[in-house]
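Here is the structure we will look at, set down as structure tokens.
The values are calculated or read from the model by the stated rules, or taken from the named source; none is laboratory data. The structure presented is a predicted model; accordingly, all values stated were derived computationally and were not measured. Every residue, glycine among them, receives a Cβ derived from its backbone with ideal geometry; neighbour counts consider all protein chains shown.
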Amino acid sequence: MNIKRNFFKRLGTLALAGFAAVSLACSGQQMGSSNGTTSSSGTIKVAGTGSTFVKPMMDKWGSEFGKLNPNIQIDYSSTGSGAGIKGIQNRTVDFGGSDAAMSDDEMKQTTGGEIVHIPVVLGAVVLTYNLPDVKEPLKLTPELISDIYLGKIRKWNDPKLKAENANLNLPDSDITPVFRADGSGTSDIITDYLSKTVPEWKEKVGRTKNPQLPQGIGIGAKGNEGVMGQVKNTPNTIGYVELTFAKANNLPAAQIKNKAGNFVTADSSTVSKAAAAFTDKMADDLRFEITNADGPEAYPISGTVFMLVYKDQQDAVKGKALVDFLWWAINDGEKFVVDLHYAPLPDTLVQKVDAKLLSITSGGKPLRQ
């Protein structure tokens, strides 16, 4: 998709009075024009905010898409899934990113129009930890994770931990759990998993973007970046982050006991296996979760990143740029996914997402055909 060359040059010194008309060719379609969509250089700027989980992927996609479409700039800031939902509800951004689908209440609270959910990538939430003398992966059950974050297990050499990790040199040190202090889709994923597997967790904390732990338990941090920083810089800590952050900081990720009773390592393959168990059960609105999936190799704390987009776009130019970017991301952009330790959408889900993108309009006219 390339902006017509010399468009603004031919305008010379004509006064534009704040009106920028941009004509683009993309897949043989004209994008149309709208007020305030381009900079003086003719660049279409599309702004999003939200999920920190997906930030490394969005940075890569934005860069690669920009190479193919130098007239389009995708700006994505990692502020947390809660902020992504609020941003799209308040129309302060063009799209929001969230690792948790919007709830029915959140959908009802949105008065600016219908929002559609566009799944773009899958990923793993891992328990990463700072134990320099532990050389093999820690094994954790959902009950152990719950007990650590509820303050029932306070020492690394607690008998319950040692029972699953007899071969590890677990220290006689206090455990410092790190949790998300902001509205977080990553928190939603792990609390959804624990709510499905540990009755005590469901009763005391439940599924939430803002987990309220017992007084004095753990330390909070903002974003995956904040949790990762705390764990990396503080011995004897444990925290939950997206897999890419643990890999980038050379810290281990625990093996997690799944529904089939197997301890599974998080990677693109085991996340894909979790998603495969749900593809036939997804609602038409594409709001779903993939935690605690069936299957011997399914990683149980897997999640989906959604981009939240208004079904009817106020700005046809920005709207088309956004829709084309999202289509490219889930189709052509998937080749960059595995290298960043995410997992691509299953083919059956890609087909559903492509159909959802076709439903996005501006003034009643489809933006992609």
Checklist entry - Which of the residues belonging to the stretch 238-266 are over 22 Å from Gly183 (Cβ atoms) and of a type in the set (Ser, Thr, Tyr)? => result Thr265
Checklist outcome for this item: Just one listed residue, out of Val22, Val46, is more than 13 Å from the chain's Cα centre (by Cα) and modelled with pLDDT of 95 or more, and it is Val46
Checklist entry - Out of (1) polar (S, T, N, Q); (2) more than 20 Å from Ala276 (Cα to Cα); (3) out of contact with any Gly (no Cβ under 9 Å at 6 or more places or on another chain), what's the single condition that is false for Gln314? => result (3)
Checklist entry - Residues in the stretch 78-86: is at least one of a type in the set (Ser, Thr, Tyr), surrounded by fewer than 16 Cβ atoms within 10 Å (Cβ to Cβ) and over 25 Å from Phe263 (Cβ atoms)? => result no
Checklist outcome for this item: Sole miss for Asn262 among (1) at pLDDT 95 or above; (2) surrounded by fewer than 23 Cβ atoms within 10 Å (Cβ to Cβ); (3) closer than 17 Å to Ala100 by Cβ is condition (3)
Checklist entry - Residues Ala321, Ala277: which one is at pLDDT below 95, farther than 23 Å from Ile148 by Cα and of a type in the set (A, V, I, L, M, F, W, C)? => result Ala277
Next on the checklist: Condition first: in contact (Cβ under 8 Å) with a residue 60 or more places away in the chain, of a type in the set (Asp, Glu) and buried (at least 20 other Cβ atoms within 10 Å of the Cβ). Can you find one or more residues in the stretch 268-288 that meet it?
Outcome noted: no
Checklist outcome for this item: In the stretch 349-369, anything at pLDDT below 95, closer than 16 Å to Met282 by Cβ and among the charged types (D, E, K, R) is listed as Lys352
Checklist entry - Within the set of pairs 6 or more residues apart or between chains, which connect a residue that is under 15 Å from Asn69 (Cα atoms) inside the stretch 310-327 to a residue that is in a helix (DSSP H, G or I) with Cβ atoms less than 7 Å apart? => result Val323/Leu357; Phe325/Phe65; Leu326/Leu357; Trp327/Asp354; Trp327/Leu357
Checklist entry - Got at least one residue in the stretch 187-201 being more than 27 Å from Val121 (Cα to Cα), touching a Lys or Arg at 6+ places or on another chain (Cβ under 6 Å) and acidic (Asp, Glu)? => result no
Checklist entry - Can you tell me how many residues in the stretch 299-326 are surrounded by fewer than 23 Cβ atoms within 10 Å (Cβ to Cβ) and more than 18 Å from Leu358 (Cβ to Cβ)? => result 2
Checklist entry - Looking at the stretch 350-369, which of its residues are of a type outside the set (D, E, K, R), under 12 Å from Pro119 (Cβ atoms) and touching a strand residue (DSSP E or B) at 6+ places or on another chain (Cβ under 8 Å)? => result Val353, Leu357
Next on the checklist: Suppose we keep only residues that are over 23 Å from Lys55 (Cα atoms) and among the acidic types (Asp, Glu) within the stretch 185-212. Which one would you say is surrounded by the most Cβ atoms within 10 Å (Cβ to Cβ)?
Outcome noted: Glu200
Next on the checklist: Out of the residues in the stretch 144-160 meeting the condition of being free of Cβ contacts under 8 Å to residues at least 60 places away in the same chain and assigned to a loop (DSSP other than H, G, I, E, B), tell me which one is farthest from Leu131 (Cα to Cα).
Outcome noted: Lys152
Checklist entry - Is it fair to say Leu127 is within 22 Å of Leu213 (Cβ to Cβ), surrounded by 15 or more Cβ atoms within 10 Å (Cβ to Cβ) and more than 15 Å from the chain's Cα centre (by Cα)? => result yes
Checklist entry - Pick from Ala274, Ala293, Ala321, Ala283: which is over 17 Å from the mean Cα position of the chain (by Cα) and assigned to a helix (DSSP H, G or I)? => result Ala321
Checklist outcome for this item: Considering the stretch 169-184, residues that are of a type in the set (A, V, I, L, M) and more than 18 Å from Val125 (Cα to Cα), and then whichever is surrounded by the fewest Cβ atoms within 10 Å (Cβ to Cβ), we arrive at Leu170
Checklist entry - Residues in the stretch 95-117 that are surrounded by fewer than 24 Cβ atoms within 10 Å (Cβ to Cβ) and under 25 Å from Ser362 (Cβ atoms): how many? => result 14
Next on the checklist: Which residue is surrounded by the fewest Cβ atoms within 10 Å (Cβ to Cβ), if the candidates are limited to the stretch 130-145 and must be of a type outside the set (Lys, Arg) and more than 25 Å from Glu225 (Cβ to Cβ)?
Outcome noted: Asp133
Checklist entry - Scanning the stretch 239-252 for residues that are of a type in the set (A, V, I, L, M, F, W, C) and buried (at least 24 other Cβ atoms within 10 Å of the Cβ), which turns out nearest to Asp59 (Cα to Cα)? => result Phe245
